[in-house]
1. From the Cα trace of the range 3-90, what convex hull volume per residue do you get, rounded to a whole Å³?
2. Where nothing but the Cβ of Lys and Arg (+1) and of Asp and Glu (-1) is charged, how large is the charge dipole of the range 11-110 around its Cα centre, in debye to the nearest 20?
3. Which whole-Hz couplings ³J(HN,Hα) result when phi for each residue of the range 131-137 is put into the Karplus expression 6.51 cos²θ - 1.76 cosθ + 1.60, θ = phi - 60°, listed in order with x for Gly and Pro?
4. Place a +1 charge on the Cβ of each Lys and Arg in the range 84-194 and a -1 charge on the Cβ of each Asp and Glu, then give the dipole magnitude about the Cα centre in debye, rounded to the nearest 20.
5. Between S229 and N126, what is the FRET efficiency for a Förster distance of 25 Å, r being their Cβ-Cβ separation, to the nearest 0.05?
6. With the dipole of the chain worked out from charges on the C-beta (+1 for Lys and Arg, -1 for Asp and Glu) around the Cα centre, which of S121, L212, G33 lies farthest toward the positive end?
7. Can you pull out the trypsin sites (Lys or Arg not before Pro) in the range 116-222 whose DSSP state is coil and whose Cβ has at most 12 other Cβ atoms within 10 Å?
8. At q = 0.10, 0.13 Å⁻¹, what is the log10 ratio I(q)/I(0) for the range 53-151, with the Debye formula run over Cα points and no solvent?
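Laboratory data are not the source of any read-out in this text; all were calculated from the coordinates shown. None of the values given here were measured: they were computed from a predicted structure. Cβ sites come from the backbone with ideal geometry, for glycine too, and all protein chains shown count toward neighbours.
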Amino acid sequence: MDDFEILAQTIKSQIDKVKDLDDIEKIRVATLGKNGNVTSLMKKISTLPSEEKADFGKKVNDLKLKIETMLSQKAASLKMEMLKSKFLERSLDMTIPGPLKSVGKIHVITQVINECVDVFSKMGFNVVEGPEIESVYYNFEALNTPQWHPARDLHDTFYISENLLLRTHTSPVQIRTMEKQQPPIRIISAGRVYRNDYDATHLPSFFQMEGLAIDRNISIADLKGTLESAIRAILGHDKIVRFRPHYFPFTEPSVEVDVSFEGKKEWLEVLGAGMVHPNVLRNVGFDPDIWQGFAFGMGMERIAMLKYGINDIREFPRNYLKFLRLF
Ligand code: PHE
């Protein structure tokens, strides 16, 4: 073994023992750095007699290449090991449940409104909107309910001024629509209404969907057919729909519609409806001898109660997440 081989062995055993990248760098500096021992051997070449230069030079060069190769291989394998241990440290346990993302959802009443809009749209009704703060004229007068009318007592509530109130029903939208559009008319309109009521089936603020159809030959058969098929499309075809005579100042004749609740043991009223009163048509300048129509006002919470078997309407505004997440 010549000196070069011995040197190569020594350096190799040093490199073999190395544990981190810093030590690799130290060896590189000690051998191939500016003052490294291999570098000084290179420098020695020029001082040698020319017949020795070639042989010596080749050996120094081979040694230099050998060291470079060993250093870079060692560096690569160290890096690999570091990477491996890092992976092991943070290794994935596929059985740990992931972080829960809380995703919001559409409120159950909005879902019901959307479903009703869907059903009535398919029957040719267009969606319109009206204000929640109404004038006495739109909320009562134009709907054939003058100041002295006893029916006002049922709705007499939440006045903002002498002339303005929170609407007690969505029926003022009927008037607003007929003032703007000529028949034939088919509209629905959903929104909040306000009443001085509070118990298991009544809220001081709830949602109604108003419907109005005006045309030349509309009869109560159209009202019955439309409402019965719409309610069944919304609530299920097993539901029994009951029409009961009733009174509203703005329809004649008038009905209330109940739907079987909890396996027919009970009925829940879901809407009021009727044939639009001739006075209402006159109030918007329609000739009742030419135009007839029907109107209805449906309670959205009531529909949701029937759809999901909810017994207490007060659950809706309570907004308990446990309740809201059910739908
Ligand atoms: N506006 C009535 C109510 O809130 C319901 C209704 C609407 C009745 C349209 C007849 C026609 O009770």
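1. Each residue corresponds to 74 Å³ of Cα convex hull volume.
2. 180 debye
3. x, 7, 8, 10, 8, 4, 4
4. That gives the range 84-194 a dipole magnitude of about 780 debye.
5. Numbers: r = 18 Å, r/R0 = 0.73.
It comes out at approximately 0.85.
6. G33
7. Working: sites: K122, R152, R167, R176, K180, R186, R192, R195, R216; in loops: R167, R195, R216.
Listed in order of number, the matching sites are R216.
8. Normalising to I(0) and taking log10 leaves -0.71, -0.87.
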